[in-house]
Structures are given as C-alpha cells and as structure tokens.
Amino acid sequence: MKAIVVTDQAAGTAGMKLAERPEPQPAIGDVIVQVYASCITGDELSWPSTWVDRQNRDRTPSIPGHELAGVVTALGYGTTGLSVGQRVFGLTDWTRDGALAEYIAVEARNLAPLPGDVDFTVGAAIVMPGLTAWQGLFDHGRLQAGQTVLVHGAAGIVGSMAVQLARAAGAYVIGTGRADGRKAALDFGAQEYVDLDKDKLKKVGGVDLVFDVFGGDVTKQSAELIRAGGTLVTIAGPTDVRPANGLTIDFVVVPDRAQLSEIVQWVRDGRLRPNIGTIATMDEAVAAFNPTKRSKGKTIIRFRS
Ligand SMILES: NC(=O)c1ccc[n+]([C@@H]2O[C@H](COP(=O)([O-])OP(=O)(O)OC[C@H]3O[C@@H](n4cnc5c(N)ncnc54)[C@H](OP(=O)(O)O)[C@@H]3O)[C@@H](O)[C@H]2O)c1
C-alpha cells in the first residue's frame, strides 16, 4: 500500500516521503480501516511516540497521522462492536503506525460510527480538535452554562472547536489570538476577542475557566484572571502555574467513542463547524504539510474519494 513515512526526527514534516509499505494485519481487538481521509496533529513529529514503541524500541520508518475517517475492511480476533463495510472515524494509538496510509490497523474501541451524511473529510477533521475541546471544557474544566471561559488560540484548529462547544453549552466566551484571527474567532462564536499582540489580557476581568493552547507567559497571566474555584486547563504541556484558589489540569486528548458520537451529532445539526484549511490528495500530501506560507485550519489528506 502507499503511505507517508518518516525516518528522520530532526527533519520534521520536510522529511515526509510517499512510500510503499506492507498492508497492516489486525491484532486482537483491531479492525483494518481503508482510509478515506486523515490528518496529523501539529506537533506529533516531535513526540517520542512517533519514533519508538511503548518499549522504547525504534519503530521507524513510521507512518504519522492519528486522526482518520474510512471504512472497515476486516476484523481482528475478538473484535466486537463494528462491522466490515461500516463507515468509521476516530483517534488511533500514538505509538503505532498511523493513518497517512491507504490502510491502518486500529483498535475498534478507538473508533465511532461515522453517519452516512457526514463526509469523510469532515469526519477526519473533527476527531482530534473535537475530542480535545470536549475533554478540556467538559471533562477537565467542568464548564457550566452561564460561566465565562477564556479560549486561547480561538481562531485555531482546537480553539475554534472550544469556542463553538462552549457557546453551545451556554457559556460566555472570550477568545484570544493574533489580530488576523479576530474575525474567524467571532464567526465561530466568541463574544469578545483579545489581540494578544496589542491588548492587555488583564482587561478581560474574572473568568471561571481558561482553555490554554500556548503555555508560557500567557498561561501565567491567564491564571491570575481565574475566579475562586475556577480551572486552568492546558493542552500545551505540564506547567507549574496555578490559579490562587483553583486547579490547573494539563491533559493529552484520548480516544472516546461516546464523545465522538456526540460531537458528530453536533456537526450534523449545525452546532459545530469543522475548521478545515487545505484538502490534498495522497500525492500532494508532503507538499501540503510543508506549505510555503502559514496555512490556517486543518490540512486533510484524501486517500480515496
Ligand atoms: N494536549 C493535547 O491533547 C493536544 C491536542 C491537540 C493539540 N495540542 C497542541 O495545541 C496547540 C494548538 O494546536 P492547534 O492545532 O489548535 O494549532 P493552530 O491551529 O495553529 O492554533 C493556534 C492559534 O493560535 C494563534 N497563535 C499562535 N501563536 C500565537 C501567539 N504567540 N500569539 C497569539 N496567537 C497565536 C494561531 O494563529 P496563527 O495561525 O496566525 O499562527 C492560531 O490561530 C499545538 O501546540 C498542539 O500541538 C495538544
């Protein structure tokens, strides 16, 4: 089968190559999925899981991309809950070969059914940002209707999902980012916007929840805005920053079939809009991940139409 592979960590996305790889075989509890659309998570080529397995053994050449939509073509021993021929989407194991390939072996429990009226491109695009925003706001942030949430990077891939989910959940949403992100953030539903290059974060006043994607000084300043009992949720990695009278939770997104089913329903009924940038074919994939100018929104690779 054809796949995008990486062998050189230092090269980043520039080291991606379209190559021929053996078709995967299903392990216990796996399905084989014929990939229709898939994508990568921003920093995944810098994570150890792209280069080594759980025993720390070199697993190059590895196939990146852990967000996918496709069709089940085979079931492994003991696999339950999915059928051959079923449309699915989901988030796959970071330490196994990923979905920038014509086929992938993936644990069935990491996938959810993709309704027939949702395009594979949309399915792939909502997996990681949808789950990350959902888990950050609702599982870790315990967001309630009527609360105020500060969403950093509100025009970005994850931030735009967090803005929409928080608004739909009845929160008051303040977005942040660069000046050119203002319009997109407001279109996604933010009620206020802070241009971090120009405005002072302090002017925002008290918030109940911060959804942080940046880390560093922005995280520090944000913690000072959190009301007593509030939470700082961050996807930017571990931090020592704590609100004076609240919690800091750093987390990494995990697969969740029930949440994916809920998220795709929100897409179907118009409450959630995916943030898709470039859509490229398999042959265009390497160039699409190495754009000549900064691209916005999720880059999706269509392996089949
Ligand atoms: N822990 C987890 O589970 C998890 C899951 C997913 C993602 N992540 C991480 O979360 C981060 C965000 O991911 P993403 O996919 O949402 O990225 P993204 O689409 O690039 O979104 C970031 C947004 O913030 C803006 N921005 C970036 N740097 C800024 C700065 N210094 N000042 C003001 N605005 C700035 C960007 O604007 P421009 O487009 O103009 O740069 C963009 O609108 C990445 O580091 C990613 O690896 C973590």
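Nothing in this text is a laboratory measurement; each read-out follows from the coordinates by a stated rule. Nothing here was measured: the structure is a model prediction, and the numbers come from that model. For neighbour counting, all protein chains shown are included, and Cβ atoms are generated from backbone atoms with ideal geometry for every residue, glycine included.
In region 230-305, which trypsin sites (Lys or Arg not before Pro) fall in coil by DSSP and have 14 or fewer other Cβ atoms within 10 Å? Passing both the DSSP loop test and the Cβ count: K293, R294, R304. If you take the Cα centroid of region 89-125 and the Cα centroid of region 164-178, the two points sit 27 Å apart.
At q = 0.14, 0.17 Å⁻¹, what log₁₀ I(q)/I(0) does a Debye calculation on the Cα points of region 155-218 give, no solvent, two decimals? Listed by q, the Debye log ratios stand at -0.35, -0.53.
When the Cα convex hull of region 1-139 is projected onto planes of every orientation, the mean area is 8.7 nm².
Of the trypsin sites (Lys or Arg not before Pro) found in region 43-122, the ones in coil according to DSSP and having at most 12 other Cβ atoms within 10 Å of their Cβ are R54, R57. With equal scatterers on the alpha carbons only and no solvent term, can you work out the Debye log10 of I(q)/I(0) for region 231-305 at 0.22, 0.24 1/Å? Debye intensities relative to I(0), on a log10 scale: -1.04, -1.04. Note on the chain: helix-only mean residue ellipticity at 222 nm, from DSSP H runs of 4+ residues weighted -39500 (n - 2.57) and normalised by residue number, equals -5500 deg cm²/dmol. Taking the chain as a Gaussian network of alpha-carbon nodes connected by springs under 10 Å, the highest mean-square fluctuation of the residues M128, M282, M161 belongs to M282. Between the listed residues L225, I104, I276, the Cα displaced farthest toward the positive end of the dipole of the chain, a dipole computed from Cβ unit charges relative to the Cα centre, is found at L225. Region 232-277 and region 1-64 have their alpha-carbon centroids 24 Å apart. For the chain, the direction-averaged projected area of the alpha-carbon convex hull comes to 15.5 nm².
Expressed to the nearest 5 percent, the antiparallel share of DSSP beta bridges inside the chain is 55 percent. Rounded to the nearest 20, the Cβ-based charge dipole of the chain about its Cα centre (Lys and Arg +1, Asp and Glu -1) stands at 580 debye. In terms of surrounding Cβ atoms within a 10 Å radius of their Cβ, I276, I104, I235 rank from fewest to most as I276, I235, I104. R294 label point, 7 Å along Cα→Cβ, cut-off 12 Å on backbone N: hits in region 162-179? Counting only backbone N, you get 177-179.
Think of the chain as having a plus end and a minus end, set by charges on the Cβ of Lys, Arg, Asp and Glu; of M161, P26, P238, M161 sits farthest toward the positive end of this dipole.
Here the ratio of the Cα radius of gyration of region 129-250 to 2.2 N^0.38 Å is 0.91. The modelled label-to-label distance for the pair V252/Q25, using points 7 Å beyond Cα in the direction of Cβ, is 2.8 nm.
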